[in-house]
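Structure record follows, encoded as structure tokens.
Derivation of every value follows stated rules applied to the coordinates shown; laboratory data play no part. Only a predicted model underlies this, so the values are computations on that prediction, with no experimental measurement involved. Cβ placement follows ideal geometry from the backbone for every residue including glycine, while neighbour counts extend to all protein chains displayed.
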Amino acid sequence: MDATDAAAPARPSLLDPQSSPLVIGYGNPLRADDGFGWEVAQRLSALLPAGAATVVAVHQLTPELAEPIADASLVIFVDVDSDGAPGVVVQRTVDPSEGAPAVFSHEAQPQTLLALADRLYGRCPSGVIISVGGADFDYRAGLSPAVAAATPTALAHIRELLGIPLSDSERDGRAEACMK
């Protein structure tokens, strides 16, 4: 048997119950609110039951993420929005058809990575972005008060997407934050 006859390692199907959601928090934790994705990823890792999702924190989205994205049943991207209203959490669906054809490490966007996963691995899970408007991008660790206060709302959005029940106070807080 030559190398072309060797079976490729089995990859989980998006419908495979072993394929789990992937949460990617990204940004720079040394640029104040730009560290929102990292903060959410760290807090989510501590909150989630074992096996509920794979959670990673990265400085930027890179093409290397296409493979774990292709293996996921759902991808949740978490980032700060420099143009958004400070402290306002927004959830939106990612459309891979809006992905740019070329991928450069400093320009990769969620939609580009979903499209790349589909092109390279033949799998494109659903994608969602959870973002919050940032107020402070100075060189320092720690979130601004507005973004820190919005973090529990972002976590509630993610837990809901993952099908993890929210407490009454979390549901009430999420509904109140969405009405702002």
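A few remarks follow.
- Equivalent ellipsoid semi-axes - Cα gyration tensor, the stretch 107-158, angstrom: 30, 15, 7
- Taking amide H as placed 1.01 Å from N in the peptide plane, the amide H of residue 126 sits under 5 Å from that of 75, each at least 5 places away or on another chain.
- Top positive-direction residue, dipole computed over the stretch 21-94 with Cβ charges, set 70, 24, 52: 52
- Potential extension, residue 120-residue 67 segment - 0.36 nm per residue separation minus Cα distance: 18.3 nm
- Phi-based couplings in Hz for the stretch 53-63 (Karplus 6.51, -1.76, 1.60; Gly and Pro marked x): 6, 8, 10, 10, 10, 9, 6, 8, 7, 10, x
- With both labels modelled 7 Å from their Cα along Cα-to-Cβ, the residue 30 to residue 137 distance reads 1.7 nm.
- Cα-projected label distance for residue 42 with residue 60, points at 7 Å along beta-carbon direction, nm: 2.2 nm
- Sequence-distant residues sharing a close amide H with residue 59 (under 5 Å, placed H): 27
- Extension gain for residue 82 to residue 164 (0.36 nm times residue separation, less C-alpha to C-alpha distance): 26.6 nm.
- The length gained on full extension between residue 90 and residue 50, counted as 0.36 nm times the residue separation minus their Cα-Cα distance, comes to 11.7 nm.
- Phi-derived couplings, Karplus 6.51 cos²θ - 1.76 cosθ + 1.60 at θ = phi - 60°, listed residue by residue for the stretch 31-36: 10, 6, 5, 5, x, 3 Hz, with x used for Gly and Pro.
- Karplus-based coupling profile of the stretch 80-92, in residue order and whole Hz: 8, 10, 5, 9, x, 5, x, x, 8, 8, 10, 10, 9, with θ = phi - 60° in 6.51 cos²θ - 1.76 cosθ + 1.60 and x standing for Gly or Pro.
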